[in-house]
Amino acid sequence: MAPRPLKRAARVSFVAAAGAAVLLCVSSTALPAHPSTQFRSRVEAVRVDVLVRNDRGEFQTGLGASDFELFDNGRRQPLTGFTSEQPPLCLAFVLDKSSSMLPFGSGPQLALEQFIAAMPASDYIAVGSLTVPGVLNKDRATLSRQLAALPQIETSRVWMGIIWAAEALAGVECRRAVIVATDGRDTQQALARAFKLPHTEQTARTVLRDRMAQLYVIAPRGEITREIWRVSEESGGRALPLVGSDQLSTVWSEITSELRHQYLLSYTPPENDGREHDIKVAVRKKGFTVRSRRTYLSPAAK
């Protein structure tokens, strides 16, 4: 179904919410009843970050492993690990400085500055633009200077910016997200496809999936392309409208709250076929809305 245009800031609060991510990892022993379990077994497992809202649209905490059902390509799978503990965040910010964003003024940059100033010291952050990659670090003063030094105008390579941001999140054990302020218009994608360059929507989708990264899009004035909306939804993230500077704190609160209220589930992949599998997570009780990453890449048989 095609997305509806985001027109009002009130739509920042979505009824359905959940972030999900998938990563092949070393995972756990038999699942105990305690709500927090470490992943420590000798089998490869799929990790899925999941956020749940109740029928009032509030984050649902206090759920246990037995409250969840997980399906791989439509087949129910037993969980091998579960935790509700929250790891540090790793966030890669991408500021679109292309000419199509000039009419939106300084709003997107102000949004990113608020994000940086408000994040706890334990979280890792990378700051860049569509053409200038960032590197994860914790020094907020350095990050502020890097943001201020970004080019005033650049080529509109949206997918390239998302790709570098997802790649920058590798190597640190954390919950990962790419946050990009953009209208989603990539003027270079047709050229990239023609010359088979790895700067397309499909490449961005693959890197986000393999890096266990959720994509959040801050859409100035609610303007966003169908393609970037689709990729953000599939990754477990979403698009949020930015109408004016008075909405910046709301946008910050929505994104960080979602990332900090997720459950982490794991299970053993039923097949090592090297193919992409669909994932669906549900809560057994009624009255809850669950959102999770929709795919993962199964490991190939050795």
From the options S144, S100, residue that is part of a helix (DSSP H, G or I), within 17 Å of G161 (Cα to Cα) and of a type in the set (S, T, N, Q): S100
Check D273 against each of (1) of a type in the set (D, E); (2) closer than 20 Å to D96 by Cβ; (3) outside the structural domain of W159 (by TED's automatic domain parsing) and name the one condition it does not meet. (2)
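Across region 253-282, what is the number of residues that are of a type in the set (K, R) and within 17 Å of V52 (Cβ to Cβ)? Break it down into steps so the answer makes sense when it comes.
Start the filter on region 253-282 by keeping residues that are of a type in the set (K, R), which leaves 260, 275, 280.
When the remaining residues are screened for being within 17 Å of V52 (Cβ to Cβ), the result is 260, 280.
Number of matching residues: 2.
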Here are some residues: S232, S292. Which one is free of Cβ contacts under 8 Å to residues at least 40 places away in the same chain and either among the small types (G, A, S) or farther than 18 Å from R75 by Cα (or both)? S232
Any residue that is assigned by TED's automatic domain parsing to the domain that holds T203, buried (at least 19 other Cβ atoms within 10 Å of the Cβ), closer than 21 Å to P241 by Cα and modelled with pLDDT under 85 - is there at least one of those in region 129-149? no
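Return a yes/no flag: does region 188-205 have any residue that is part of a strand (DSSP E or B) and either of a type outside the set (D, E, K, R) or at pLDDT below 80 (or both).
Step one: filter region 188-205 for residues part of a strand (DSSP E or B), giving none.
No, the conditions are met nowhere in region 188-205.
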Within region 212-246, restricting to residues that are modelled with pLDDT of 90 or more and assigned to a loop (DSSP other than H, G, I, E, B), the one that is surrounded by the most Cβ atoms within 10 Å (Cβ to Cβ) is G236
Being at pLDDT 90 or above and closer than 30 Å to Q86 by Cβ: is that true of L169 here? yes
Can you find a residue that is within 15 Å of P108 (Cα to Cα) and either in a loop (DSSP other than H, G, I, E, B) or aromatic (F, W, Y) (or both) anywhere in region 156-174? no
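Take E276 and decide whether it is surrounded by fewer than 20 Cβ atoms within 10 Å (Cβ to Cβ), more than 12 Å from the chain's Cα centre (by Cα) and more than 30 Å from E44 (Cα to Cα).
On the way: surrounded by fewer than 20 Cβ atoms within 10 Å (Cβ to Cβ): yes; more than 12 Å from the chain's Cα centre (by Cα): yes; more than 30 Å from E44 (Cα to Cα): no.
Considered against the rule, which asks whether it is surrounded by fewer than 20 Cβ atoms within 10 Å (Cβ to Cβ), more than 12 Å from the chain's Cα centre (by Cα) and more than 30 Å from E44 (Cα to Cα), E276 comes out as no.
The values are calculated or read from the model by the stated rules, or taken from the named source; none is laboratory data. Please read these numbers as outputs of a predicted model, since none were measured by experiment. Counting neighbours? That spans all protein chains shown, and the Cβs are built from the backbone with ideal geometry, glycine included.
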